[in-house]
Amino acid sequence: MTLPRTATTFPPPVQEARRWLDGVQFSAAMPLLNVSQAAPVAAPPEPLRAAMAEAVMHDASAHLYGPTLGLPELRAEVASQWRAAYGGEIGESQVAITSGCNQAFAAAIATLTAEGDEVILPTPWYFNHKMWLDMSGVRTVPLATGAGLLPDPDAAEAQITPRTRAIALVTPNNPGGVEYPAALVRAFFEMAQKHGIALIVDETYRDFDSRTGAPHDLFADPSWPETLIQLYSFSKAYRLTGHRVGAMVASQARLAEVEKFLDTVTICPNQLGQRGALWGMQNLSQWLAGERAEILARRAAIEAEFAPLAGLGWELLGLGAYFAYLKHPFETASDVLARSLVRQSAVLTLPGTMFRPAGEAAAKQELRVAFANIDAAEIKELMSRLQNAHA
């Protein structure tokens, strides 16, 4: 019997982890530290909410179907700001707005692959990417990362077959937090270009990159539309997670195919969310700079507080954007340890087993911490609790 598409993959990891909280009581002295999901936990800033409220009350078109590829004004704004940030030529017709970045990935894969095709994902991978490939009948080819959780273009090239259709990178990385050097991203681009496959670069966390200037130079290459598909999310930048607004930058020909996918799934992106994203892009650059500074301060707090854990055998494998990726010193597998940490330490994190192929040995010693959800004082408390953790 052939399995239905959804039965070919695993349960949603974040939802699975939330179920570990069922029946657990947390004390006032030790409240839950939830570092399982990478999402803002506060509402958008008040001026943005006011602008969205204005649209709700006075813009009738905010309640109607809109263009499948998104509001022209928002597409144009993305193109304009991306030209300024990355250099090179990016037109409005090369931008699509999607219902979140996950949908952008799903749409890209739908335009690239057929049953039995292959896509290369560095490990540890973003689990929703793996889930969509599973449900699409596409074989995921894991690409082991080396020191600093950085993937090797030569190792990726060795895994290319006649069925390979794309390589997908996430930078700053989820789950590892690592910022891929521009030269590394360029090497992957040139290798993908050489083999006539797509390079998908998910830059959901680009607004929280610790580096200044463009994180890569791919858009400066006039041939970028032939190879590059860039993905982005407005959710993290403007706290619009519940409104589901993402973006894809790709060739106009690619977006003509994307339009078919989007029209049959959501018809159009969320109208109110798009207006919020547009207002945010046009008015909140200084506010967003402050958000970035706060995330970088929390990253620094992880580094500052990690030494006692290192003394106990823990390792900090990756750090950046929203994430710290840890290696624990216990013999207990990470999926068992993560459940145990809920009850013994009031900490909800995700185990490495959710980010790697089943049975991969490294997964058993890894945990992902979404530190953007907690402030500096809570980070210090988290480190203290992990120091006292036991298998």
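How many percent of the alpha carbon pairs in region 54-143 exceed a separation of 17 Å?
Beyond 17 Å sits 63 percent of the P(r) for region 54-143.
What Kirkwood radius, in Å to one decimal, follows from the Cα pairs of region 110-165?
11.7 Å
So, with a 1.4 angstrom probe, what is the percent of accessible area on the chain that is carbon and sulfur?
C and S fraction of accessible area: 53 percent.
Can you work out the accessible area per residue across the chain, with the rest of the protein chains kept in place, probe 1.4 Å, in square angstrom?
Accessible area per residue: 41 Å².
What ranking, highest mean first, results for peptides 153-163, 61-71 when packing means the other Cβ atoms within 10 Å averaged over each residue?
Result, highest mean first: 61-71, 153-163.
At q = 0.21 Å⁻¹, what log₁₀ I(q)/I(0) does region 147-288 have when each alpha carbon counts as one equal point scatterer in the Debye sum?
The Cα Debye sum returns log10 ratios of -1.40.
In whole Å, what is the distance between the alpha-carbon centres of region 219-250 and region 101-168?
Region 219-250 and region 101-168 have Cα centres separated by 18 Å.
With bins 10 Å wide starting at 0, give me the P(r) of region 307-371 over every alpha carbon pair, in whole percents.
23, 56, 20, 0
Could you order peptides 48-54, 249-255 by the average number of other Cβ atoms within 10 Å of their residues, highest first?
Going by the mean number of other Cβ atoms within 10 Å, highest first, we get 249-255, 48-54.
Order the peptides 363-372, 350-359 from the highest to the lowest mean number of other Cβ atoms within 10 Å of their residues.
Final packing ranking: 363-372, 350-359.
The values are calculated or read from the model by the stated rules, or taken from the named source; none is laboratory data. Only a predicted model underlies this, so the values are computations on that prediction, with no experimental measurement involved. Counting neighbours? That spans all protein chains shown, and the Cβs are built from the backbone with ideal geometry, glycine included. Note: areas computed on protein heavy atoms with side chains; ligands, DNA, RNA excluded. Shrake-Rupley method; radii C 1.70, N 1.55, O 1.52, S 1.80 Å.
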